[in-house]
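The values are calculated or read from the model by the stated rules, or taken from the named source; none is laboratory data. Remember, predicted model here, so these are calculated numbers, not experimental data. Note that we place each Cβ from the backbone using ideal geometry, even for glycine, and neighbour counts take in every protein chain shown. These accessible areas exclude ligands, DNA and RNA; they are computed on the full protein's heavy atoms, side chains included. Shrake-Rupley method; radii C 1.70, N 1.55, O 1.52, S 1.80 Å.
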Amino acid sequence: MPSARGRVLVTGAGGFVGRQVLGQLLDAGWDVHAVYRPGSLPAEGCENTRIHSADLLVPGAAGALCRAVKPQCLLHLAWCAKPGGYWTSPENLGWVRATLELLESFQLHGGEQAVLVGSCAEYDWSGEGICQEYATPLNPATPYGRCKNATRELAELFAQLHGLPVAWARIFHAYGPFEAPGRLVPAVLGALLKGEPARCSHGEQLRDLLHVADVAAALVQLINVKADGAFNIGGGQPIRLREVIEYLARQLNAEHLVQFGVIPVAANDPPLLVADNQRLLATGWQPRFDLHSGLDDALAWWRGTI
(Lines give C-alpha, C1' and ligand atoms only; values in the text may rest on other atoms or scores of the structure.)
Protein backbone atom coordinates (compact mmCIF):
# COMPACT_ATOMS: atom_id res chain seq x y z
CA MET A 1 0.00 0.00 0.00
CA PRO A 2 1.52 3.40 -0.95
CA SER A 3 2.70 5.62 1.91
CA ALA A 4 0.97 8.91 2.65
CA ARG A 5 4.00 10.97 1.66
CA GLY A 6 5.94 8.90 -0.86
CA ARG A 7 9.38 7.31 -1.00
CA VAL A 8 12.41 8.82 0.68
CA LEU A 9 15.94 7.52 0.14
CA VAL A 10 18.26 7.85 3.16
CA THR A 11 22.00 7.37 2.68
CA GLY A 12 24.25 6.81 5.67
CA ALA A 13 21.34 5.09 7.39
CA GLY A 14 23.54 3.23 9.84
CA GLY A 15 25.36 6.33 11.08
CA PHE A 16 25.04 8.44 14.20
CA VAL A 17 22.32 10.68 12.74
CA GLY A 18 20.96 8.22 10.20
CA ARG A 19 19.70 5.65 12.68
CA GLN A 20 17.72 8.40 14.44
CA VAL A 21 16.21 9.65 11.20
CA LEU A 22 14.73 6.34 10.07
CA GLY A 23 12.15 5.94 12.82
CA GLN A 24 11.10 9.57 12.64
CA LEU A 25 10.52 9.34 8.89
CA LEU A 26 8.45 6.18 9.37
CA ASP A 27 6.38 7.94 12.04
CA ALA A 28 5.83 10.84 9.63
CA GLY A 29 4.33 8.49 7.04
CA TRP A 30 7.19 8.05 4.58
CA ASP A 31 8.07 4.89 2.69
CA VAL A 32 11.69 4.76 3.87
CA HIS A 33 14.48 3.23 1.79
CA ALA A 34 17.64 2.99 3.87
CA VAL A 35 21.08 2.70 2.25
CA TYR A 36 23.94 0.93 4.04
CA ARG A 37 27.49 0.25 2.93
CA PRO A 38 28.10 -3.39 1.98
CA GLY A 39 28.90 -5.44 5.07
CA SER A 40 27.34 -3.01 7.58
CA LEU A 41 24.34 -4.01 9.68
CA PRO A 42 20.95 -2.27 9.46
CA ALA A 43 19.91 -0.17 12.45
CA GLU A 44 17.84 -1.94 15.10
CA GLY A 45 14.20 -1.01 15.52
CA CYS A 46 13.64 0.03 11.91
CA GLU A 47 12.38 -3.22 10.45
CA ASN A 48 9.75 -1.40 8.40
CA THR A 49 12.35 0.31 6.22
CA ARG A 50 13.38 -1.04 2.83
CA ILE A 51 17.06 -1.95 3.01
CA HIS A 52 19.57 -1.37 0.22
CA SER A 53 23.30 -2.15 0.14
CA ALA A 54 25.43 0.21 -1.93
CA ASP A 55 28.89 1.77 -1.90
CA LEU A 56 28.18 5.21 -3.29
CA LEU A 57 31.88 5.86 -3.87
CA VAL A 58 31.78 3.30 -6.67
CA PRO A 59 30.88 5.01 -9.98
CA GLY A 60 27.46 3.90 -11.18
CA ALA A 61 26.20 2.81 -7.75
CA ALA A 62 24.03 5.90 -7.29
CA GLY A 63 22.44 5.45 -10.71
CA ALA A 64 21.54 1.83 -10.03
CA LEU A 65 20.12 2.75 -6.64
CA CYS A 66 17.93 5.61 -7.87
CA ARG A 67 16.78 3.61 -10.87
CA ALA A 68 15.59 0.82 -8.55
CA VAL A 69 13.95 3.01 -5.88
CA LYS A 70 12.74 6.07 -7.84
CA PRO A 71 12.43 8.13 -4.65
CA GLN A 72 10.50 11.39 -4.46
CA CYS A 73 12.81 12.71 -1.70
CA LEU A 74 16.45 12.26 -0.81
CA LEU A 75 18.19 12.66 2.55
CA HIS A 76 21.91 12.32 1.95
CA LEU A 77 23.86 11.73 5.16
CA ALA A 78 26.66 9.45 3.91
CA TRP A 79 30.20 10.88 4.04
CA CYS A 80 33.53 9.83 5.51
CA ALA A 81 33.17 10.00 9.28
CA LYS A 82 36.09 8.15 10.85
CA PRO A 83 36.74 9.97 14.15
CA GLY A 84 39.76 12.24 13.90
CA GLY A 85 40.67 11.17 10.39
CA TYR A 86 37.76 12.67 8.46
CA TRP A 87 39.05 16.24 8.86
CA THR A 88 41.94 15.62 6.46
CA SER A 89 41.03 12.39 4.64
CA PRO A 90 41.45 12.34 0.82
CA GLU A 91 38.14 10.43 0.81
CA ASN A 92 36.40 13.80 1.23
CA LEU A 93 37.12 14.47 -2.44
CA GLY A 94 35.49 11.19 -3.40
CA TRP A 95 32.33 12.22 -1.57
CA VAL A 96 32.11 15.46 -3.55
CA ARG A 97 31.96 13.44 -6.75
CA ALA A 98 29.67 10.78 -5.27
CA THR A 99 27.21 13.38 -3.97
CA LEU A 100 26.92 15.09 -7.35
CA GLU A 101 26.43 11.73 -9.07
CA LEU A 102 23.74 10.86 -6.53
CA LEU A 103 21.96 14.19 -7.01
CA GLU A 104 22.05 13.83 -10.79
CA SER A 105 20.69 10.27 -10.65
CA PHE A 106 18.02 11.29 -8.16
CA GLN A 107 16.77 14.10 -10.42
CA LEU A 108 16.97 11.92 -13.54
CA HIS A 109 14.70 9.30 -11.99
CA GLY A 110 11.97 11.69 -10.88
CA GLY A 111 13.32 13.11 -7.61
CA GLU A 112 11.40 16.11 -6.33
CA GLN A 113 13.30 17.46 -3.30
CA ALA A 114 16.64 16.75 -1.62
CA VAL A 115 18.15 17.47 1.78
CA LEU A 116 21.96 17.29 1.83
CA VAL A 117 23.99 17.50 5.02
CA GLY A 118 26.77 20.02 5.51
CA SER A 119 28.70 21.18 8.55
CA CYS A 120 29.49 24.19 10.71
CA ALA A 121 33.07 23.55 9.52
CA GLU A 122 32.15 25.44 6.33
CA TYR A 123 32.08 28.75 8.21
CA ASP A 124 34.94 31.13 8.92
CA TRP A 125 35.72 30.35 12.57
CA SER A 126 37.84 33.47 13.06
CA GLY A 127 34.81 35.79 13.22
CA GLU A 128 32.40 36.65 15.99
CA GLY A 129 31.26 33.03 16.40
CA ILE A 130 27.51 33.42 15.81
CA CYS A 131 26.95 31.82 12.41
CA GLN A 132 24.18 33.03 10.08
CA GLU A 133 23.51 31.12 6.86
CA TYR A 134 23.61 34.08 4.49
CA ALA A 135 25.73 36.56 6.48
CA THR A 136 28.69 34.71 8.02
CA PRO A 137 31.59 34.21 5.58
CA LEU A 138 32.23 30.69 4.34
CA ASN A 139 35.95 30.11 4.71
CA PRO A 140 36.55 26.50 5.79
CA ALA A 141 39.96 25.71 7.26
CA THR A 142 40.02 21.93 6.74
CA PRO A 143 39.77 19.58 3.73
CA TYR A 144 36.52 18.26 5.21
CA GLY A 145 34.99 21.73 5.46
CA ARG A 146 36.27 22.74 2.02
CA CYS A 147 34.80 19.64 0.39
CA LYS A 148 31.46 20.13 2.12
CA ASN A 149 31.35 23.75 0.99
CA ALA A 150 32.35 22.85 -2.57
CA THR A 151 29.56 20.27 -2.64
CA ARG A 152 27.08 22.89 -1.48
CA GLU A 153 28.11 25.28 -4.25
CA LEU A 154 27.73 22.61 -6.90
CA ALA A 155 24.45 21.35 -5.45
CA GLU A 156 23.04 24.89 -5.42
CA LEU A 157 24.01 25.35 -9.05
CA PHE A 158 22.47 21.99 -9.95
CA ALA A 159 19.28 22.96 -8.12
CA GLN A 160 19.04 26.27 -10.01
CA LEU A 161 19.63 24.70 -13.41
CA HIS A 162 17.08 21.92 -12.86
CA GLY A 163 14.50 23.69 -10.70
CA LEU A 164 15.00 21.15 -7.92
CA PRO A 165 14.50 22.26 -4.29
CA VAL A 166 17.67 21.38 -2.36
CA ALA A 167 18.07 22.12 1.36
CA TRP A 168 21.61 22.28 2.74
CA ALA A 169 21.63 21.38 6.45
CA ARG A 170 24.72 22.53 8.38
CA ILE A 171 24.92 20.43 11.54
CA PHE A 172 26.73 21.99 14.50
CA HIS A 173 27.48 19.82 17.56
CA ALA A 174 25.27 16.74 17.88
CA TYR A 175 25.55 14.37 20.84
CA GLY A 176 23.63 11.35 22.11
CA PRO A 177 23.33 7.56 21.63
CA PHE A 178 25.81 5.91 19.24
CA GLU A 179 28.11 8.94 19.18
CA ALA A 180 31.73 8.18 18.28
CA PRO A 181 33.66 7.32 21.49
CA GLY A 182 36.37 9.96 21.02
CA ARG A 183 34.00 12.93 21.08
CA LEU A 184 33.41 15.07 24.18
CA VAL A 185 30.33 13.53 25.84
CA PRO A 186 31.20 9.86 25.28
CA ALA A 187 34.87 10.48 26.13
CA VAL A 188 33.96 12.04 29.48
CA LEU A 189 31.29 9.44 30.27
CA GLY A 190 33.53 6.59 29.13
CA ALA A 191 36.17 7.60 31.65
CA LEU A 192 33.86 8.44 34.55
CA LEU A 193 31.74 5.30 34.22
CA LYS A 194 34.96 3.26 34.50
CA GLY A 195 36.10 5.25 37.52
CA GLU A 196 38.99 6.75 35.56
CA PRO A 197 40.12 10.39 35.32
CA ALA A 198 38.38 12.46 32.64
CA ARG A 199 41.18 14.52 31.09
CA CYS A 200 39.81 17.76 29.63
CA SER A 201 40.89 21.14 28.28
CA HIS A 202 39.99 24.27 30.24
CA GLY A 203 36.39 23.83 29.07
CA GLU A 204 35.69 27.52 28.56
CA GLN A 205 34.76 27.07 24.88
CA LEU A 206 31.17 27.98 24.02
CA ARG A 207 29.46 25.56 21.66
CA ASP A 208 26.02 24.78 20.24
CA LEU A 209 25.08 21.30 21.45
CA LEU A 210 21.94 19.56 20.19
CA HIS A 211 20.71 16.05 20.98
CA VAL A 212 20.94 13.81 17.93
CA ALA A 213 17.21 13.04 18.04
CA ASP A 214 16.52 16.77 17.66
CA VAL A 215 19.04 16.95 14.81
CA ALA A 216 17.16 14.13 13.10
CA ALA A 217 13.82 15.86 13.71
CA ALA A 218 15.17 19.00 12.06
CA LEU A 219 16.22 17.06 8.96
CA VAL A 220 12.83 15.34 8.77
CA GLN A 221 11.13 18.72 9.07
CA LEU A 222 13.16 20.08 6.15
CA ILE A 223 11.87 17.17 4.08
CA ASN A 224 8.28 17.54 5.28
CA VAL A 225 8.10 21.25 4.36
CA LYS A 226 10.04 20.87 1.08
CA ALA A 227 12.66 23.33 2.31
CA ASP A 228 15.14 25.00 -0.02
CA GLY A 229 18.45 26.75 0.73
CA ALA A 230 20.86 26.64 3.68
CA PHE A 231 19.79 25.92 7.25
CA ASN A 232 21.82 25.79 10.46
CA ILE A 233 20.97 22.71 12.54
CA GLY A 234 21.63 23.76 16.11
CA GLY A 235 19.95 24.82 19.33
CA GLY A 236 20.95 28.46 18.96
CA GLN A 237 22.28 28.78 22.52
CA PRO A 238 25.95 29.02 23.60
CA ILE A 239 26.79 26.27 26.08
CA ARG A 240 30.05 26.26 28.01
CA LEU A 241 31.72 22.88 27.65
CA ARG A 242 32.82 23.05 31.28
CA GLU A 243 29.13 23.12 32.27
CA VAL A 244 28.49 19.94 30.27
CA ILE A 245 31.41 18.10 31.86
CA GLU A 246 30.56 19.23 35.39
CA TYR A 247 26.90 18.23 34.98
CA LEU A 248 27.81 14.72 33.82
CA ALA A 249 30.30 14.34 36.68
CA ARG A 250 27.68 15.42 39.26
CA GLN A 251 25.21 12.85 37.97
CA LEU A 252 27.82 10.17 38.62
CA ASN A 253 29.20 11.62 41.88
CA ALA A 254 32.54 11.74 40.11
CA GLU A 255 33.54 15.41 40.27
CA HIS A 256 36.86 14.37 41.79
CA LEU A 257 37.77 12.50 38.60
CA VAL A 258 37.50 15.52 36.28
CA GLN A 259 40.83 17.08 35.35
CA PHE A 260 40.47 20.48 33.66
CA GLY A 261 43.34 22.11 31.81
CA VAL A 262 45.43 18.98 31.21
CA ILE A 263 44.70 18.81 27.47
CA PRO A 264 45.88 21.78 25.39
CA VAL A 265 43.42 23.67 23.20
CA ALA A 266 44.27 23.73 19.50
CA ALA A 267 45.35 27.09 18.12
CA ASN A 268 42.44 27.14 15.65
CA ASP A 269 39.83 26.15 18.24
CA PRO A 270 37.34 29.05 18.35
CA PRO A 271 36.18 30.35 21.75
CA LEU A 272 32.60 30.67 20.45
CA LEU A 273 30.81 28.66 17.73
CA VAL A 274 27.02 28.82 17.76
CA ALA A 275 24.24 28.57 15.19
CA ASP A 276 21.78 31.29 14.42
CA ASN A 277 18.82 28.92 13.94
CA GLN A 278 16.03 31.37 13.06
CA ARG A 279 15.58 29.90 9.57
CA LEU A 280 15.20 26.43 11.06
CA LEU A 281 12.72 27.62 13.70
CA ALA A 282 10.65 29.26 10.96
CA THR A 283 9.96 25.79 9.49
CA GLY A 284 8.04 24.87 12.65
CA TRP A 285 10.80 22.74 14.18
CA GLN A 286 11.31 22.81 17.94
CA PRO A 287 13.80 20.77 19.99
CA ARG A 288 12.42 18.13 22.36
CA PHE A 289 15.45 18.04 24.69
CA ASP A 290 16.97 20.81 26.75
CA LEU A 291 20.62 20.44 27.75
CA HIS A 292 20.08 18.54 30.99
CA SER A 293 17.39 16.15 29.72
CA GLY A 294 19.51 15.50 26.64
CA LEU A 295 22.61 14.74 28.69
CA ASP A 296 20.53 12.51 30.98
CA ASP A 297 19.39 10.55 27.92
CA ALA A 298 22.96 10.21 26.66
CA LEU A 299 24.12 9.10 30.10
CA ALA A 300 21.38 6.45 30.31
CA TRP A 301 22.41 5.06 26.94
CA TRP A 302 26.13 4.99 27.71
CA ARG A 303 25.46 3.27 31.06
CA GLY A 304 24.04 0.38 29.07
CA THR A 305 27.10 0.06 26.85
CA ILE A 306 30.01 0.33 29.30
* Asked: Just wondering, is there one or more residues in segment 254-266 that are open to solvent by less than 20 Å² (accessible area, probe 1.4 Å) and not charged (D, E, K, R)?
  -> yes
* Could you run through segment 104-121 and say how many residues are in contact with a Lys or Arg (Cβ under 9 Å, 6 or more places away or on another chain) and of a type in the set (Phe, Trp, Tyr)? => 0
* To do: Test each condition in (1) more than 19 Å from the chain's Cα centre (by Cα); (2) surrounded by fewer than 18 Cβ atoms within 10 Å (Cβ to Cβ); (3) not aliphatic (A, V, I, L, M) for GLU101 and report the one that comes out false.
  => (2)
* If only one of LEU75, LEU25 is under 26 Å from ARG170 (Cα atoms), part of a strand (DSSP E or B), open to solvent by less than 40 Å² (accessible area, probe 1.4 Å) and touching a residue at least 60 places away in the same chain (Cβ under 8 Å), which one is it? -> LEU75
* Do we have any residue at all in segment 26-49 that's in contact with a Phe, Trp or Tyr (Cβ under 9 Å, 6 or more places away or on another chain) and farther than 19 Å from ALA81 by Cβ? -> no
* To do: Could you list all residues from segment 157-197 that are of a type in the set (A, V, I, L, M), over 30 Å from LEU257 (Cα atoms) and open to solvent by 50 Å² or more (accessible area, probe 1.4 Å)?
  => LEU157, LEU161
* Asked: What tally of residues in segment 264-306 results from selecting those that are among the β-branched types (Val, Ile, Thr), assigned to a loop (DSSP other than H, G, I, E, B) and modelled with pLDDT of 95 or more?
  -> 1
